[in-house]
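The values are calculated or read from the model by the stated rules, or taken from the named source; none is laboratory data. Please read all numbers here as calculations on a predicted model, not as lab measurements. For neighbour counting, all protein chains shown are included, and Cβ atoms are generated from backbone atoms with ideal geometry for every residue, glycine included. Ligands, DNA and RNA are stripped out before the accessible areas are found, and what is left, the full protein with its side chains, is counted by its heavy atoms. Shrake-Rupley method; radii C 1.70, N 1.55, O 1.52, S 1.80 Å.
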2 protein chains.
Amino acid sequence: MSAYASLAGHFGRIAAMSNAIGILQWDSDVMMPRGAAGTRAESLALLRVLSHEMAVDARIGDWLADADADTGLGDWERANLAEIRRVWTVQTALPADLVEASSKAISLCEMTWRQARADADFAALLPSLTEVLRLQREAGIAKGEKLGLSPYDALLNDYEPGGRAAAIDELFDDLAAFLPGFTEQALAAQAHRPEPAAIEGPFPVEAQRALGLKVMAALGYDFERGRLDVSTHPFCGGADNDVRLTTRYDAADFSKALMGVIHETGHALYEQGRPADHMNQPVGQARGMSIHESQSLLMEMQACRTREFLAFAAPLMREAFGASGPGWEAEALWRRYTRVERGFIRVDADEVTYPAHVILRYRLEKALIADEMPLAELPAAWDEGLQALLGVTPPNDRLGCLQDIHWPSGGWGYFPTYTLGAMTAAQLFDAACRAEPDALPGIGRGDFMPLLGWLRTHIHALGSRYSTDELLTRATGRPLDAAVFKAHLARRYLDAAD
Amino acid sequence: MSAYASLAGHFGRIAAMSNAIGILQWDSDVMMPRGAAGTRAESLALLRVLSHEMAVDARIGDWLADADADTGLGDWERANLAEIRRVWTVQTALPADLVEASSKAISLCEMTWRQARADADFAALLPSLTEVLRLQREAGIAKGEKLGLSPYDALLNDYEPGGRAAAIDELFDDLAAFLPGFTEQALAAQAHRPEPAAIEGPFPVEAQRALGLKVMAALGYDFERGRLDVSTHPFCGGADNDVRLTTRYDAADFSKALMGVIHETGHALYEQGRPADHMNQPVGQARGMSIHESQSLLMEMQACRTREFLAFAAPLMREAFGASGPGWEAEALWRRYTRVERGFIRVDADEVTYPAHVILRYRLEKALIADEMPLAELPAAWDEGLQALLGVTPPNDRLGCLQDIHWPSGGWGYFPTYTLGAMTAAQLFDAACRAEPDALPGIGRGDFMPLLGWLRTHIHALGSRYSTDELLTRATGRPLDAAVFKAHLARRYLDAAD
């Protein structure tokens with residue numbers, strides 16, 4: 001067997017393990033009875049240990065050296081070798097005792113965080129979060145040494161391969177200078193328009209689910225390779241060819257579940273569209289979290305908060321709930337789905353104010369990893385930063401620096417991908433609409449195929465064939481910048497808001 | 001770490017893997033979208049290979065030798081060592097290439113069988129079933145050599161540790177001599193009674209599900225450690241502390257799902273009642289398939305086809321479906337649930353005719369493994385055997401020798417456990433009612449605790465602490481014989497059928 005075939009076989013087995021873990025994780029969140037938590041934790045821990053052992057298998061280095069010398073490989077195989085090397089380098093960068101210490105610290109910190117958040121008590125979280133931060137910093141240093149990166153870039157690299165703080169600083173500084181003034185303008189424009197007429201519930205869960213399934217089908221989701229279920233925290237997970245998404249239903253407000261389903265469907269379409277021939281190989285994986293988030297936001301924010309989408313969806317909504325009246329007209333619904341409001345909570349934010357939440361977290365986590373700021377000062381720095389970026393100050397830390405699980409759960413370096421994703425979504429949707437003139441009119445008819453076809457070709461089916469920058473440049477003609485995102489916001493919230 | 005502790009840790013990890021496989025298998029049957037079948041097969045194959053590697057780990061033999069010399073172990077630990085040695089001996093008996101060849105042959109044969117059954121075409125199945133049989137025979141020979149057993153006993157041993165064809169022959173010959181005449185008598189007695197008045201559907205699935213849940217709760221099922229779902233083929237599966245059962249609903253006949261749920265709940269109660277302190281150890285597992293089947297049949301046939309149960313359940317049924325009328329009286333329902341009928345299909349058979357189906361299969365598979373009969377003669381031998389045992393001949397092989405998946409899927413040696421289970425159930429229920437005079441009256445009040453308490457103490461919580469024979473002897477005062485089963489049938493179908 002060739003070295004390449006040995007690698008492909010080995011990483012195929014790692015994918016098979018990862019698929020098993022993905023389904024067990026999904027089950028834990030969606031199906032598992034409470035009393036099984038301990039048993040499940042043992043199974044998942046075992047599979048993760050085995051998966052890690054496979055990922056750092058000593059033979060990989062030799063296979064890579066031999067495969068590099070193989071002149072018979074095609075472009076995809078070469079790209080797969082590069083991804084295998086990248087993944088393997090990251091996996092072998094951390095000593096086992098650091099992985100274990102980090103895993104324990106995270107478990108403790110997540111548990112502490114649930115109570116601390118409920119109590120709005122940052123001091124209660126401080127000791128365990130200090131330990132998580134210390135270990136994250138140590139991990140960043142260890143990975144950074146191996147990769148030739150700063151500790152923060154090394155952490156960022158786990159979520160956004162090739163991502164660099166220097167580039168993000170530039171993009172986010174641009175946005176941070178633009179958004180406060182723009183938000184003022186958008187709110188002023190909004191204040192001059194009548195509020196959309198009310199829509200009255202309750203909205204039965206079964207009707208919401210049926211509506212969600214119809215919209216998923218319209219977007220192009222393949223139900224032969226996935227499902228829609230309910231969980232406390234909506235997510236898109238599962239396995240190769242088994243891309244499952246979840247939502248939660250609020251009988252008083254169907255829009256949350258609907259927009260959530262559209263968001264997760266965007267993620268799922270990416271996963272379902274990964275290259276079939278390389279589905280279980282590193283090169284066949286999604287490129288990174290900013291592209292992933294771009295696919296969810298492209299559907300949720302770019303495609304499905306357009307007047308075109310609501311022209312298609314409004315009749316479906318009325319039919320789903322047997323509703324009628326001025327609030328159910330497409331234009332009123334469009335107004336409802338493009339409301340801007342300054343708030344404290346990131347996950348509730350609209351697309352205009354969302355970047356402020358992200359830029360704040362990005363700047364803070366970068367400073368904390370670089371040890372430029374004591375963790376004890378986080379609450380004050382948070383409040384000050386949010387005031388500067390968004391003009392509001394949370395009344396307590398529950399609505400402030402305690403709101404997200406990312407830091408307690410060791411997800412340092414993740415936050416910027418949300419806003420990189422939003423900007424990428426704008427740039428991709430713009431390019432798609434230029435290349436496929438029927439993309440937007442298609443949405444108006446409930447036909448997402450022109451849009452999805454373009455995404456399949458230019459993003460989904462390319463997996464990790466190219467770097468994020470190259471992928472975006474090939475798709476849109478240029479690397480990421482804030483211009484298209486800003487133009488999109490201006491068009492939607494100033495010009496078009498007649 | 002002591003050798004015993006090393007073994008316990010190792011077998012704990014094997015249990016964690018087995019629990020992962022159990023949930024993935026459940027998901028395949030209950031939740032998985034069709035397009036994920038290939039991906040799931042790869043994950044399950046990998047986990048099974050890893051599980052097998054753990055089970056034949058070279059260190060186990062050394063640990064066992066050291067642990068045997070450990071004088072500080074208690075009775076449970078000693079029993080665990082014995083089970084570990086038993087499991088390990090069986091696992092190491094088969095060469096890896098035989099396991100792999102068998103697994104492939106089974107996959108092909110199962111696929112072929114689905115079509116062959118639909119077409120009633122035994123000839124289409126013959127080549128792939130010949131291969132499965134050949135490999136089963138080879139496996140029986142390999143295991144038999146290691147265990148000092150005949151090939152058939154070696155296969156039987158996988159499902160019924162300690163089970164021997166010689167003992168089964170005796171029990172089954174006894175039954176086979178008794179049943180044809182008894183069936184005649186039972187049918188004659190039944191013919192003299194009026195048929196139970198009709199009960200009219202449709203029976204909405206949600207109402208059936210709610211009724212099933214109520215009955216499960218009454219039986220003592222712990223919903224914190226399990227779930228009820230729907231699948232094409234009802235089963236009880238899952239993992240330690242996560243005992244999931246399934247059913248399927250027929251809107252025209254609620255009794256199928258209800259009795260199916262009771263049957264699977266019997267299995268589930270056994271699994272949920274295994275010894276908590278040894279849940280993930282070999283000694284903590286269910287004793288074998290005949291005891292397992294005895295627990296399902298004890299609930300379905302012994303406990304829940306009594307007049308007492310129907311006095312409790314009839315009002316629940318009427319309430320569930322908003323029904324009334326003579327067919328819904330407890331006595332009419334009892335008649336309905338104790339109907340005897342000669343049929344072709346094992347899974348549809350009542351408790352009087354069921355053993356004929358099993359004895360037929362047992363005799364045939366024993367002859368086939370022993371190479372005493374060409375596989376091509378199976379259809380003719382089947383028809384002849386069923387005529388002799390039950391007095392009916394199937395019109396085609398779909399209703400004859402093609403009806404069960406057991407042989408195509410490599411389950412040779414499994415069939416006898418159904419009827420051993422039925423006999424064991426009778427013997428255990430009889431002993432429980434003698435020891436706990438409130439067991440049967442309790443059922444009449446929907447209080448299964450007197451019965452369940454006895455089962456917990458004498459069966460469930462003992463796991464694999466004793467052999468099947470010793471377990472039954474300790475619980476009932478004697479090893480298995482057909483006397484109690486025959487007396488039960490006579491009482492229910494002749495005497496009490498006034």
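For the residue pairs B:Lys104/B:Lys256; B:Lys143/B:Lys486; A:Lys104/A:Lys146; B:Lys104/B:Lys146; A:Lys256/A:Lys366, the alpha carbons lie more than 26 Å apart in B:Lys104/B:Lys256; B:Lys143/B:Lys486; A:Lys256/A:Lys366.
Using a 1.4 Å probe over protein heavy atoms, the accessible area lost on pairing A with B, summed over both chains, comes to approximately 2500 Å². Across region A:163-498, C-alpha contacts under 8 Å between residues 6 or more apart give a mean separation that, scaled by the residue count, equals a relative contact order of 23 percent.
How large, in percent, is the carbon and sulfur part of the accessible surface of region A:163-498 at a probe radius of 1.4 Å? Here it works out to 53 percent.
May I ask you to report, in nm to one decimal and beginning with the shortest, the distances from B:Ala65 to the same position in the other copies, taking label points 7 Å along Cα-to-Cβ? Label point to label point, same position, other copies: 3.8 nm. With a cut-off of 17 Å on the backbone N, the residues of region B:20-44 near the modelled label site 7 Å out from B:Thr232 along Cα-Cβ are B:25-41.
Using alpha-carbon pairs under 8 Å, 6+ residues apart, how would you state the relative contact order of region A:54-213 in percent? Could the numbers behind the result be given before it?
On the way: 74 pairs, mean separation 21.8, N = 160.
Computed over region A:54-213, the figure is 14 percent.
Using heavy atoms of the protein chains and a probe of 1.4 Å, the accessible area assigned to B:Cys236 is about 40 Å².
The other copies place their A:Lys146 label points at 3.9 nm from this one, listed shortest first, where each point is 7 Å from Cα along Cα→Cβ. With semi-axes defined as the square roots of five times the eigenvalues of the C-alpha gyration tensor, the equivalent ellipsoid of region B:307-384 measures 42, 11, 10 Å, largest first. Over region A:1-92, what is the mean sequence separation of C-alpha contacts under 8 Å (at least six apart), divided by residue count, expressed as relative contact order in percent? The value is 43 percent. If you take all other residues with their beta carbon under 13 Å from the beta carbon of B:Val283, and give Lys and Arg +1 and Asp and Glu -1, the sum is +2.
Could you tell me what a quarter of the Cα convex hull surface of the protein assembly as shown works out to, in nm² with one decimal place?
44.4
For A:Glu110 and A:Leu494, the difference between the fully extended length at 0.36 nm per residue and the C-alpha to C-alpha distance is 134.1 nm.
Sorting B:His278, B:His10, A:His458 by accessible area (1.4 Å probe), largest first, what list results? If you can, show how the numbers build up before the last one.
Details: B:His278 30, B:His10 5, A:His458 55 Å².
Sorted by accessible area, descending: A:His458, B:His278, B:His10.
Considering every alpha-carbon pair of chain B, the percent of pairs per 10 Å bin, from zero through the bin containing the longest distance, is 4, 18, 29, 29, 16, 4, 1, 0. The value obtained for region B:35-131, namely the Cα convex hull volume divided by the number of residues, is 146 Å³ per residue.
Multiplying the sequence separation of B:His406 and B:Ala124 by 0.36 nm and subtracting their Cα-Cα distance, what value in nm do you get? Kindly include the intermediate steps, with their values, before the conclusion.
Details: separation 282, 0.36 × 282 = 101.52 nm, distance 1.70 nm.
Difference between extended and current length: 99.8 nm.
In the context of the full protein assembly, A:Glu77 retains an accessible surface of approximately 50 Å², using a probe radius of 1.4 Å and ignoring ligands and nucleic acids. Orientation-averaged projection of region B:1-92 equals 6.8 nm² [convex hull of Cα atoms, one quarter of hull surface area]. The residue among A:Gly38, A:Leu64, A:His10 whose Cα reaches farthest toward the positive pole of the charge dipole of region A:1-92, with charges on the beta-carbon of Lys, Arg, Asp and Glu, is A:Gly38.
If each DSSP helix of 4+ residues adds -39,500 (n - 2.57) and the sum is divided by the residues in the protein assembly as shown, what number results at 222 nm, nearest 500 deg cm²/dmol?
That calculation yields -20500 deg cm²/dmol at 222 nm.
Grab the beta carbon distance between B:Gln185 and B:Glu384, set R0 = 30 Å, and tell me the FRET efficiency rounded to 0.05.
Values: r = 24 Å, r/R0 = 0.80.
For R0 = 30 Å, the calculated efficiency reads 0.80.
What is the diffusion coefficient of region B:222-277 in µm²/s, taking the Kirkwood radius over Cα pairs and the Stokes-Einstein relation at 20 °C with a viscosity of 1.002 mPa s?
Here the translational diffusion coefficient equals 186 µm²/s.
Return the percentage of antiparallel bridges among DSSP beta bridges fully within the protein assembly as shown, rounded to the nearest 5 %.
The answer is about 55 percent antiparallel.
Here each label is just a point 7 Å from Cα along the line to Cβ, and for B:Arg445 and B:Ala376 those points are 6.6 nm apart.
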